[in-house]
1. Once you keep just the Cα pairs under 8 angstrom separated by 6 or more residues, what percentage relative contact order results for chain A?
2. Using a 1.4 Å probe on the protein heavy atoms only, what accessible surface does residue B:330 show? Give it in Å² to the nearest 10.
3. Name the residues of the stretch A:20-50 whose amide N is less than 13 Å from a point 7 angstrom out from the Cα of residue A:121 along the C-beta direction?
4. What Kirkwood hydrodynamic radius do you get for the stretch A:467-602 when you take the inverse of the mean 1/r over all pairs of distinct Cα atoms, in Å?
5. Please state the shape class of the protein assembly as shown: rounded when a/c is under 1.5, otherwise prolate if a/b exceeds b/c and oblate if not, all from the C-alpha gyration tensor.
6. Based on DSSP H runs of at least 4 residues, each adding -39500 (n - 2.57), what is the mean residue ellipticity at 222 nm of the protein assembly as shown after dividing by all its residues, to the nearest 500 deg cm²/dmol?
7. In square angstrom, rounded to the nearest 10, how much accessible surface does residue A:171 have for a 1.4 Å probe?
8. Just check the stretch A:350-434 against the gyration tensor rule for me: Cα atoms, a ≥ b ≥ c as the square roots of the eigenvalues, rounded for a/c under 1.5, and otherwise prolate or oblate depending on whether a/b exceeds b/c.
Amino acid sequence: MGVIDMPAESQIQETGKPIVNDFAFMVATKNGSGSQTSNMALVRALFKMGIPVNGKNLFPSNIKGLPTWYTIRVSKDGYTARRATTEIAIAFNESTAAEDIASLPSGGVCILPQEWNWGHTREDITYYEVPVKDTVKAFDIPTERREQVSNMVYVGVVARLFDIPLELTREALVDQFGGKEKPVTMNYQVIEAAYNWAAENLVKSDRFHFAPMDKTKGKIIITGNEAAALGALFGGVTVVAWYPITPSTSLVDAIIENRHLRTDPDTGKDTVAIMQAEDEIAAAGAIVGAGWAGARAMTATSGPGLSLMAEFAGLAYFAEIPIVIWDVTRMGPSTGLPTRTSQGDILFAYFIGHGDTRQICLLPGSVEECFEFGWHAFDLAEQFQTPVIVLSDLDLGMNNWMAEPFTYPDRPLNRGKVLDKAALEKFIAEKGEWYRYRDYDKDGVGYRTLPGTDHPRAAYFTRGTGHDDRAVYSERSDDWVENMARLHRKFENARGHVPQPVVDYDPSRKIGLISYGSNDPAVCEARDRLAAEGIETNYLRIRALPTTQAVHDFVMNHERVYVIENNFDGQLCQVLRIEVPEDTTHMRSLALGDGLPMTPKWIYENVKRYEDK
Amino acid sequence: MAANRTIGKINALGLTREDYKGGKSTLCPGCGHDSISNQIISVAYDVGLKQENVIKLSGIGCSSKTPAYFLGRSHAFNAIHGRMPSVATGATLANHDLVAIGVSGDGDSGSIGFGQFKHLIRRNVPMVYIIENNGVYGLTKGQFSATADAGQVLKYYGRNELPPIDLALEAIIGGATFVARSFSGHAEQVRSLLKAALAHRGTAVIDIISPCVTFNNTPTSSKSYDYGKAHEIALHEIELIPEGFVPEREEINIQDYEEGQIIEVEMHDGSYIRLKKVGPDHDPRSRVQAMELLEKAGTEQLFLTGLLYYEEPRPTLGETLNLTDTPLAHLPEHKLRPSKEALDKLMQGLM
């Protein structure tokens, strides 16, 4: 650690000059100590200064006590990806302090509690020792709050040393506590005291500074899970069934928190049912039942939960029931590493269900897309009468991201082909019949009726087992082959309707990068750095499966293609080898899967490694 | 068809009993389940049930095939093994106007879906939950289920050493507000319990012993026809008196019965269940008595049938969740998508 082998990752080695708005710091604390409030106060204050900022929580699966790290990166150029190195360490966890200090690059900064009497083990970094206990002791703070409030000391010291206006830390706290005066005052008094102590006692001897900019004006800051929740609420979700699982829990929490958006002002009653199920099987069953009966139904889960939902996902595919599953992915294997990010479910999700199934998957790459796919997923599910699985991940879902304010849905709800009583009467009058799975429009999608439709011919029998196009039980081979052929037509038809990839393409460039999801900021930054060294790349970001013609063409139009993803097996690359039938030996998988958000450095190094050959 | 309808052969909706039938059964001839399907058809016809408002739900197993054999004008969902309860939960949340009839078996509800069975009850999902209980797995050819008698011997699977699960007792413990046991050979009782269950607002569980003629019908099995016919002890005669049905009520000559021999239970819609004692003393309004009775039935091998437990229903799941009166599935777009102003306000708050 501490070796900076990507030249551009830190300016620290260019001696002398101040380093402004282009560095990262890490806050090392104990899990459960309440440091998240302090970290978010810093992120919000920097955001208010107009500096592009991104915070990432790298935390253990533990309630209290184990070490946790929070990294905050400011970038005048707007880069938001995680950096492998941080120049500043706020070492507030004695058990990891040695490691944290050792990881600093030469010229780095360490802020740590004075009372540890740690000693200066390195001569090439700057130490600032602050009296945490004494600062807090001066105030009448309830014992149970003391540990959390202690973390405000580093907020005050950072504000003073690196130039954050004190008032902005207060405004950040007001946002954090939803304007509640008491906690704001309790925390702010400590920030202020620490700030003043630093002003009187510390001599600044490092080169790092924050300076106001105007790059966050009009932007919002939000997590992907909150964005997804708002998307679902604006998408008309009516039934949410779920079972708690990290890192998806905060998605449903945000639906619950914003449920007021869907309280009918006329009656004071809710237009969305939110039910915590007994497990993920029941959650999946409830949304399948609800989708069948006409609800816009969704669940949110993560890998282990998706495993339990497999049978229902397959049933919904064959029974042709619209449901939306958010899979906020985390590390496997098996029960997985619940607090470590990953993109390891894409193969499983794409083919989930036994028998021949391929499911529509959406791959949001930003919080804006979490919002957009939040509502759009229901339109696709109802249009194609099938499950839609949205694959977010822990990094996107649980961390705070800067974003443009969300755009209001640009089209009305698409409820798909549903025949109510009048429409059914008209349909039968025109066609002389109506059968549930008959492909009247040759697009693979039949017309459905909802239970409760007041017409003697509205009913049909829904089953996962064999049926003919009249929804009648059948074990005949020809019936089933015909049904599968229609489902295939439906799936092929969906290619043209799922979100299309985002492509940056110049025919003169010979190298293509393909990625998806939360890797986007790291890919964008890596491309800039590669370009600075003369390695020009094109970039295609996949936003949905099945893939489209554009993806096929992109793969085929380059001499070399790198598929960048955050899992070990290169799962998207495997999918692309299926979707692109031609020889794809020029396509190479760059797959990491180390449980951490992707860094530009890793992409840069790996692309360069192969390109230099 | 209309020409064949004569007075007395059509119900309040102008439908014949034939109109309430489903497809032809593919179960073994003589299966107890077919008898239950027939009682469902009769009851639906008798009470003038509007089939278009009914949903039929099931899991997997012989019992779960039966929704195809009754109420052909009702939507049906043959789901996956043991998970009918969650599907019913979601469907009734989406549309609380639907009348839900679930058909399950002892494998479905007593084993693979035991958790879902209990949690559906705990949530008080409004539905009639029928268990067609034969103590054996039929479609996989004769394994013991969790309700099989202890000590019972089956041809290929030997002796069952484990105690049976009493699904009616489990339903009461789980918080069900209507719990009954019946016998598919006792058609009249099945019908009267179904009528009462349909009038109940909440989860109504009816555990019906329904013999498997192929794998578990030896007279020593407590799930056989012979055993049932010989040993059934009905607790009451059961009658559902519709709302406002005053004249007949007055006709009852209470004097004919000793005190405690007639119990009347008022339902939420103003109808009531009248129970005339025919077996051992039992007041189904007492949870403790009901559990004691089933405990005794278990230890003394008594086959008691009838309404075991009834209580004033708790709020249904939808009521607990404070949902709109308009079913969620019927809400128009302007009730489903908040305004642009609402989004802009949220965005302002995040800046």
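The values are calculated or read from the model by the stated rules, or taken from the named source; none is laboratory data. On a predicted model such as this, the values are computed, not experimentally measured, just so you know. In this analysis, Cβ positions are derived from the backbone assuming ideal geometry, glycine residues included, and neighbour counts consider all displayed protein chains. We work out accessible area using only protein heavy atoms, side chains counted, and drop any ligands, DNA or RNA first. Shrake-Rupley method; radii C 1.70, N 1.55, O 1.52, S 1.80 Å.
1. The value is 12 percent.
2. Result for residue B:330: roughly 100 Å² accessible.
3. none
4. 16.7
5. prolate
6. Rounded to the nearest 500, it is -10000 deg cm²/dmol.
7. 70
8. oblate
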